[in-house]
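Here the structure comes first, spelled out in structure tokens, and everything after it is commentary.
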Amino acid sequence: MSNQQPTQPSPSFDHIVKGDVSIKKLSKHKYKITFSKIGKFLLYQVWDKDNVARQNDNRSVFYASAKKAINNFITLNKVLKENDKPLFTPTTIMETEDEVAYAFVIHKAYFDRHDRVVCKVSTKEIQLANNCSKDLIKIPCGKFTNMRFDIDDSDSCPW
């Protein structure tokens with residue numbers, strides 16, 4: 001019989017980041033988003049519906065550099081892949097300066113040879129309900145300033 005205590009679940013965090021981007025369509029559902037300017041990632045602890053271990057009593061909010069956030073994304077997916085687990089592909093809402101929203105899933109994030117953050121994204125996984133406009137998955141192409149990205153949580157993120 002073991003005397004080990006049960007492990008306490010790690011809290012989940014949503015991420016918000018703003019930046020100037022260039023968006024290029026790669027295929028019917030796939031796009032490449034390249035940041036020419038990116039801010040710090042704001043991470044905030046997600047509400048736990050079961051309040052396991054009273055996680056909701058004191059929730060964390062903090063900043064992480066883009067370099068740390070992207071490197072953590074890369075590391076997490078490398079570990080998941082090595083363990084034959086599904087990759088972390090967060091649902092993301094991108095919002096323009098005039099508050100037009102778009103939805104997609106981030107499949108890959110990396111640094112290009114100019115050290116810019118690049119994300120390969122897809123709208124294929126987004127299932128729209130009857131009350132949602134198809135415009136939500138019609139990602140605009142071109143250059144945009146001050147785009148806001150609200151990236152879903154990861155309970156496996158090694159912050």
**Request:** Please work out the C-alpha center-to-center distance from the range 17-48 to the range 73-146 and express it in whole Å.
**Result:** 6
**Prompt:** Between T89 and Y44, what length comes free when the chain is fully extended (0.36 nm per residue of separation minus the Cα-Cα distance, one decimal in nm)?
**Reply:** 14.4 nm
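Each reported figure results from applying straightforward, stated rules to the coordinates on display, with no laboratory input. This is a predicted model, so every value here is computed, not measured.
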